[in-house]
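For reference, the structure discussed in these notes is given below.
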Amino acid sequence: MAEVSRIFRFHTTFFPTFSPLHKPSHSKTCPGTWRKRNSIHCLVSTSEGEKMTTQKIHWGCDIDSLENPEALQKWLLESGLPPQKMAIERVEVGERGLVALKNIRKDEKLLFVPPSLVITADSEWTSAEAGEVLKHYSVPDWPLLATYLISEASLQKASRWSNYISALPQQPYSLLYWTHAELDRYLEASQIRERAIERINNVTGTYNDLRLRIFSKYPHLFPEEVFNMETFRWSFGILFSRLVRLPSMGGKVALVPWADMLNHSCEVETFLDYDSSSKTVVFLTDRAYQAGEQVFISYGKKSNGELLLSYGFVPSEGTNPSDSVELPLSLKKSDKCYKEKLEALSKHGLSVSECFPLQITGWPSELMAYAYLAVSPPSMSGQFEQMAAAASNKTSYKKGIRYPEIEERALRFILDSCEASIAKYSKFLQASGSVDLDVTSPKQLNRRLFLKQLAVDLCTSEQRILFRAQYILRRRLRDMRSGELRALRIFDGLSDIFN
């Protein structure tokens, strides 16, 4: 549920060897109008006979089950959760969600989940010895919580969280459950493919690191039949889709049972946080709800690609004001100043290839600075470092620099990259044909068709932004040429008068 606030994202790793992890801002952490699509079980065959080689998770429930969530609500109420104005029900958007039992006002606080019912890195382990071992090795919050979830889940009724874990999906919504072949086939045009591969590799690397450094030394506490790659895929999938960062608690990350049954809407901006007056986790409604309406929160200002990456759904085209598409830009090795430019980029934490977000409303100044650097001639070598600094979001260097003498070349450079990306999207969408499936009932669908529909939805929304950028760039270049022609005509006219 946490919002990743950024001007643009560079490639980062989530789980380097026990180093501090990526820190999103408020709302769902490594979290239109809906939060989730229906679950596709990973053992379902594709039409080509492919099968995902995964082990079955022995806890959790089907995503459309109401029995376990209702048991969760009963347990929470018995454990200190105050009476709620919402109940868990089957809904059109997200399969199950929280629905208003009575009219709810705008600016009304809801939930009031006490800290005793919130899971954090400080939560007490049922297996106290296992918890002490991980804390001894200073395992960061994300892998610590992933291991905690598996430990508590494996203990079933012996864990105080058994009712909560039973209500979690057996397969979270996440690109973690897409195979590499599926990512290559359906997301080849989108930069989200690289992000998904990076995330999968990071989860795998984190598990292997834990296994080698800790689990193998304490097999009686972390047996491989419980703590394995598949259970870690599940637990990280839960964290990516449900973990929240609470700003008023110093940015502490947490799982908030019951609150994580709320679905996402691009039309609301409210998010979870700790309320010091009630000493509970709440959210403040930013609109009124009638009895029977589904209540929503925001998972953060995320693009459609980011929502697919963590939650497995894509909002309808044009409904997400935070939507963006990552545009790749690269230096050309044939550039006479390639080495000098690369050194300038490296000094400011950038590489030879970077991705920048385009939105319907425009693009960041960092993208323009990178383009200036890419097209700048040897005579401007004294400005290379200035351009590289302005292209980085890791420096406080002033943004919005301009070099009028090379602006047209920079815009053409961006346009060429934009049109190359459009061609990739067009190739995929044309090859996909017309796909219009009922994605609210994927259990009745072939897995391949369902993933294809998600990819078509994402690529259509991203290509739409690229088309808009293409139009703006072409118009800008046309205006610049028109201005040059007008200036030339004026000059010719003055020459005629002089003659």
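Which three semi-axes in whole Å describe the equivalent ellipsoid of region 131-184, each the square root of 5 times a Cα gyration tensor eigenvalue, listed largest first?
Whole-Å semi-axes of the equivalent ellipsoid: 26, 19, 7.
Evaluate the charge dipole of region 139-252 about its Cα centre and quote only its size in Debye, nearest 20, assuming +1 on the Cβ of each Lys and Arg and -1 on the Cβ of each Asp and Glu. Mind showing how you got there, number by number?
Details: 13 positive and 11 negative charges, 84 e Å.
Approximately 400 debye in magnitude.
Rounded to the nearest 20 Debye, what is the dipole magnitude of region 91-151 about its Cα centre when Lys and Arg each give +1 and Asp and Glu each give -1 at the C-beta? List each step's numbers first, then the result.
Values: 6 positive and 9 negative charges, 79 e Å.
Around 380 debye, computed over region 91-151.
Just the accessible area per residue of region 120-197, please: how many Å² with a 1.4 Å probe?
The answer is 36 Å² per residue.
Among 155-162, 112-119, how do they line up from the highest to the lowest mean number of other beta-carbon atoms within 10 Å? Walk me through the numbers on the way to the answer.
Working: 155-162: 15.2, 112-119: 18.1.
Descending mean neighbour count gives 112-119, 155-162.
What shape does region 58-120 take by its C-alpha gyration tensor, where a ≥ b ≥ c are the square roots of the eigenvalues and a/c under 1.5 counts as rounded, a/b above b/c as prolate, and the rest as oblate? Working shown, then result.
Working: a/c = 2.00, a/b = 1.12, b/c = 1.79.
It comes out oblate by the Cα gyration axes.
Protein chains only, probe 1.4 Å: how do D141, D122, D260, D209 rank by accessible area, largest first?
Descending order: D122, D141, D209, D260.
Just the Cα atoms of region 295-360: what Rg and Dmax do they give in Å?
Rg then Dmax for region 295-360, in Å: 17.1, 58.
Over 21 Å between Cα atoms: which of K336/K424; K341/K394; K109/K279; K56/K252; K252/K347; K106/K252 fall into that group?
With Cα atoms farther than 21 Å apart: K336/K424; K56/K252; K252/K347; K106/K252.
If you take the square roots of the eigenvalues of the alpha-carbon gyration tensor of region 276-415 and sort them as a ≥ b ≥ c, do you get rounded (a/c under 1.5), prolate (a/b over b/c) or oblate?
prolate
What ranking, highest mean first, results for peptides 451-459, 265-273, 337-345 when packing means the other Cβ atoms within 10 Å averaged over each residue?
The peptides rank, most packed first, as 451-459, 265-273, 337-345.
With N residues in region 166-212, what two-decimal value do you get for its Cα radius of gyration over 2.2 N^0.38 Å? Write out the running numbers ahead of the final one.
Working: Rg = 12.7 Å, N = 47, 2.2 N^0.38 = 9.5 Å.
Expressed relative to 2.2 N^0.38 Å, the Cα Rg reads 1.34.
The values are calculated or read from the model by the stated rules, or taken from the named source; none is laboratory data. Predicted model, so just to flag it, every value in this text is computed and none were measured. As a convention, Cβ positions derive from the backbone with ideal geometry for all residues, glycine included, and neighbour counts pool all protein chains shown. Accessible surface is based on the protein model in full, side chains and every heavy atom, while ligands, DNA and RNA are left aside. Shrake-Rupley method; radii C 1.70, N 1.55, O 1.52, S 1.80 Å.
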